[in-house]
Amino acid sequence: MNTTKRTKAAAKRTRAAAKSAKPRPSSRKPQAEPGSEVWNLRLYVAGQTPKSLAAFDNLKKLCQERLEGRYRIEVVDLLVNPKLARDDQIVAIPTLVRKLPPPIRKIIGDLSNTERVLVGLQLRSRD
Amino acid sequence: MKAKNNKTPRTGLAKCRTGIRGLDEITEGGLPRGRPTLVCGNAGSGKTLLALEFLVRGALEQDEPGVFMAFEETPQELAQNVATLGFDVKGLIARNKLAVDYVHIERAEIEETGEYDLEGLFIRLASAIDSVGAKRVALDTLEALFGGLSNTLVLRSELRRLFRWLKDKGVTAIITAERGDGTLTRRGLEEYVSDCVILLDHRVNDQIATRRLRIVKYRGSTHGTNEYPFLIDEQGFSVLPITSLELKHSASTVRISSGIPQLDEMLGGKGYYRGSSVLASGTAGSGKTSVAAHFVDAACRRGERCLFFTFEESPNQVLRNMRSIGIDLQPWVDNGLLQFHAARPTLHGLENHLAVVHKLVNEFEPRAVVLDPINNLASAGTLSELKAMLMRLVDYMKASQVTALFTSLTQDQDNLEQTDVGISSLMDTWLLLRNLESSGERNRGLYVLKSRGMPHSNQIREFTLTDHGVELRDVYLGSAGVLTGSARAAQEMRERAEAVAQQQETERKRYGLERKRHALEAKIAMLRAEFEAEAEEMNEVIAQDELRQRRQLNGRADMARSRGTISGIKPRKGGRK
């Protein structure tokens, strides 16, 4: 489980990664295994705030642990694309949206509470 | 910064005209410009509509685009809901005058995992504001956030930041909030929005609902402090700042006919003053509506517009009934001079009635208004409320120089000079219609109880409804009291008979005199004839006497001559002869 300290440290470490992910609409982690679902996750941020960075960091870690090879994270910076906030009904930042598999789930916050993230992503039942 | 919009320069606070009827008057110019205003109220009290109308009117009338951020209704729902009010939300959106953003937060769909903020909301709002260049913002109902998100600490700090941000943006904002139990808002939003707080209320009293609006606070500005009734009708919101009127309406000296010549006669010969308030009170069936109908008829004949509010009968019924006494109001209805407005008193609250009267008077601009009857309205509220309402109504009518005729039904025959409504002191002219019971009959009587500023008759007149309208007749005051109806008719007949007898008597006397004169004259003629006959006779005698004398003389002279013995004198005498 991630602690806040670790999150912050991670945020620094992954800043470069987040930056590289930002300008492009998506940062792919391909290698979808045939037969299993591809998780399409979208993380909405507004600039590189500590919370956003922490969220990205936490998300990446969690995905690697739980969804090895079958996830895709898309980071949307609403400062760049403000219209998307409206289209995707984003209020809180950061917000993680599970686009696929359906149904759409929304998880807000810096994703530091892994338990809740798992519940939110409905990964808990799969374990 | 917008001095032209600032109605009260002495406060120094820039104001943003809402364009909502009446609200700008109470707030003395509008909402604080560039600041958020909190509108709170219970469910269904009209918060959303107020917020939306503020934006729509701003876009249409002040050329200030707006952003509507809805937390409860989708843009489609919103557009549909207000389409009946004549707001073309879709059109405004298409013309870039209005941006609507629907914020959907569903707790069940959201998992909270750690720290977050509401930057997304800010971004959306900023983007919407930028997209139309908005000067006005409405957030309806912001508290929905509390329903969707559980971290109230975050929410509170974010809301504080939001209001600060709105101020920094310089937009005039309306934030709506649900009313809480004992507090203005359920979530204590009034803590953050402290510039202007408007409270909407939808109260039910005796099963009748009335909407009211009150400015709870308005920092840096004077404002009306009362609860003002407001209406939501097909033209949107209208607030009635009636009691803010001062007692300074001008008094006209123009007199207008009451429509009943004899009544005009009683009122100093000229009728009512223009712009005065006339009360016709009386018991059931004493002819109040007929007096009103005459008044309306006379006004229409002068080419003036009239409004007839009827709270008991349908317009058709009034028309039919008045036709039966020879007053045909239909032509006036047809040519648009006369407008009827019929409503059950219990249809809505008093304030609403007042608002409706207000609105119609404003739109139709009549010179004469009839309310028939006012005491019936008491069923829509308490008497004190009714009195307050009528006071405002009378004030309003006077201010607009509308001559108003109110009818009032008095229940108590013994206590006629006290209307149930207790508004007589507001009235300039008070006609009292009463039933006079005598000799097994019930007849109508009318008298002028008071009429300010003019000499008026102190007489009771009998009031009859004929097939050509109301007629007023002198009543008979005798030892048996006031005579009316058939007693009066009998008295009239008796008097007529007496008059005839009197005339006959005189005639007879005159005839007798004439006859006497004739007789006398005949007598005189006879006497004269007698005299003449006598005179003639006498003359004859005299003539004969003279003749005889002459003959005698002649005979004497002859004798003398023949004698020749006459003295010198005698022959000379005879010679001369």
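Across the residues of A:104-116, average count of Cβ atoms on other protein chains within 10 Å?
Details: counts 1, 3, 7, 7, 15, 10, 4, 5, 3, 5, 2, 1, 4.
Mean inter-chain Cβ contacts per residue within 10 Å come to 5.
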Scalar couplings 3J(HN,Hα) for region B:305-318 by Karplus 6.51 cos²θ - 1.76 cosθ + 1.60 (θ = phi - 60°), nearest whole Hz, x for Gly and Pro, are 7, 10, 10, 10, 8, 10, 10, 10, 10, 7, x, 4, 5, 4
If you add up the charges near residue B:282, with Lys and Arg at +1 and Asp and Glu at -1, over every other residue whose beta carbon is less than 10 angstrom from its beta carbon, what do you get?
+3
Tell me which residues come under 5 Å, amide H to amide H, from residue B:273 once H is placed; ignore anything under 5 positions away on its chain.
B:256
Using only C-alpha atoms and all pairs of different ones, pull out the Kirkwood radius for region B:255-481 in Å with one decimal.
17.5 Å
Calculated over region B:192-290: convex hull of Cα atoms, volume per residue (Å³)
205 Å³
Quick one: if you stick a label point 7 Å off each Cα along the C-beta vector at residue B:186 and residue B:233, how many nm between them?
3.2 nm
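Among A:44, B:273, B:116, B:192, rank each residue by its count of other Cβ atoms within 10 Å, from fewest to most, as a rough exposure measure.
Details: A:44 28, B:273 22, B:116 25, B:192 19.
Starting with the residue having the fewest Cβ neighbours, the order is B:192, B:273, B:116, A:44.
Could you work out how much longer the chain between residue B:449 and residue B:437 gets when fully extended? Use 0.36 nm per residue separation minus the Cα distance between them, nm to one decimal. It would help to have the intermediate numbers written out before the result.
Details: separation 12, 0.36 × 12 = 4.32 nm, distance 1.94 nm.
Value of the extension gain: 2.4 nm.
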Local electrostatic count at residue B:318 - Lys and Arg +1, Asp and Glu -1, tallied over other residues with Cβ under 13 Å
-2
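If we count other beta carbons within 10 Å of each Cβ, what is the order of B:518, B:104, B:358, fewest first?
Working: B:518 10, B:104 13, B:358 23.
Ranking B:518, B:104, B:358 by Cβ neighbours within 10 Å, fewest first, gives B:518, B:104, B:358.
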Given the pairs A:83/B:217; B:167/B:359; B:217/B:359, which span a C-alpha to C-alpha distance of over 30 angstrom in this model?
A:83/B:217; B:167/B:359
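For chain B, what is one quarter of the convex hull surface built on the Cα atoms, given in nm²?
If I average the Cα hull's projected area over directions, I get 52.6 nm².
When the Cα atoms of the protein assembly as shown are enclosed in a convex hull and the volume is divided per residue, what value in Å³ results? Before the final figure, lay out the partial values.
On the way: hull volume 202.4 nm³, N = 704.
Per-residue hull volume (Cα only) is 287 Å³.
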Length released on extending from residue B:510 to residue B:88, taking residue separation times 0.36 nm less the Cα-Cα span
142.7 nm
Rounded to the angstrom and largest first, Cα extents along the principal axes for region B:484-577 equal 115, 18, 10
Near the amide H of residue B:463, under 5 Å away, which other amide H atoms are found, from residues 5 or more places off or on another chain, if H is placed in the peptide plane?
B:444, B:445, B:446, B:473
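Where both partners of a DSSP beta bridge lie in the protein assembly as shown, what percent of those bridges are antiparallel, to the nearest 5? Don't skip to the end; give the middle numbers.
Numbers: 54 of 115 bridges.
The antiparallel fraction comes to roughly 45 percent.
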Residue by residue, what Karplus-based ³J(HN,Hα) values in Hz, rounded to whole numbers, does region B:355-363 have, using 6.51, -1.76 and 1.60 with θ = phi - 60° and x for Gly and Pro?
5, 5, 4, 3, 5, 5, 5, 4, 7
For labels at residue A:38 and residue B:549 in the simple 7 Å Cα→Cβ model, what's the distance in nm?
18.3 nm
Between residue B:497 and residue B:466, the FRET efficiency computed from the C-beta separation at R0 = 25 Å comes out, to the nearest 0.05, as 0.55
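Of the DSSP beta bridges with both residues in region B:18-168, give the percent that are antiparallel, rounding to the nearest 5. Please list the in-between numbers first.
Values: 0 of 10 bridges.
The antiparallel fraction comes to roughly 0 percent.
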Per residue of B:45-51, other chain Cβ atoms within 10 Å number on average 0
Show the residues, 5+ positions off or on another chain, whose built amide H is closer than 5 Å to the amide H of residue B:118.
A:93
In Hz, Karplus ³J(HN,Hα) per residue of region B:443-449 (6.51, -1.76, 1.60; θ = phi - 60°; x = Gly, Pro)
10, 9, x, 9, 9, 8, 6
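Region B:30-128: Rg/Rh from Cα coordinates, Kirkwood Rh? Walk me through the numbers before you get to the answer.
Details: Rg = 15.0 Å, Rh = 15.1 Å.
Reported Rg/Rh, Kirkwood definition of Rh: 1.00.
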Shielding of B:121-133 by partner chains, average beta-carbon count, 10 Å
4
Count the DSSP beta bridges whose two residues both fall in chain B, then state the antiparallel fraction as a percent rounded to the nearest 5.
45 percent
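Which value at 222 nm does chain B reach when only helices count, each DSSP H run of 4 or more adding -39,500 (n - 2.57), with the total divided by all residues and rounded to the nearest 500 deg cm²/dmol? Spell out each step's value before the answer.
Details: 15 runs with 225 residues, N = 577.
After summing the helix terms and dividing by residue count, I get -13000 deg cm²/dmol.
No value in this document is a laboratory result; all are computed from the given coordinates. All values reported here derive from a predicted model rather than from experimental measurement. All Cβ positions, even for glycine, are placed from backbone atoms using ideal geometry, and neighbour counts span all protein chains on display.
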